[in-house]
Amino acid sequence: MKAGSAWLLAMTAARRRRKQNVLQVMVFSITIMSLLILTLLRTDLIEEWQAQLPANTPNHFMMNITQNQIEGIENFFAENGIQGNQFYPLISARVTRINGDLPDPGDASKFLSDKERLPRTHSLVM
């Protein structure tokens, strides 16, 4: 076999299956284009959302903190000059009935706390 015969065989096979090869190239092109569009859209949406937030809006949340860990976390905040919000417990709850009626699916699952007063940094949304 000659050195160029491998290329000749490959090109002959590609010509024989021209429609299938064109279809494959189109599918890969559309897939890559879709992924690029999704990446740009995601980035744009996140940037637009972040631009709407006020300055110094907290963007870190701590969950599943046990009672014996709170003091250590508060000490860490104090040592590093971090102003944190007050710790308070939340529990996931599911409303099964409201005056005997089933709740809307979006209203069934809620988080409850045992605080008597709403923290000043929170607001009620009705």
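The values are calculated or read from the model by the stated rules, or taken from the named source; none is laboratory data. These figures come from a predicted structure and were not determined experimentally. For neighbour counting, all protein chains shown are included, and Cβ atoms are generated from backbone atoms with ideal geometry for every residue, glycine included.
Here are some conditions: (1) at pLDDT below 85; (2) in a loop (DSSP other than H, G, I, E, B); (3) surrounded by 10 or more Cβ atoms within 10 Å (Cβ to Cβ). Residue 114 meets all but one. Which one does it not meet?
Failed condition: (3).
For residues that are loosely packed, with under 10 Cβ neighbours inside 10 Å and more than 26 Å from the chain's Cα centre (by Cα), scanning just the range 26-70, find the one that is nearest to residue 121 (Cα to Cα).
Here the answer is 67.
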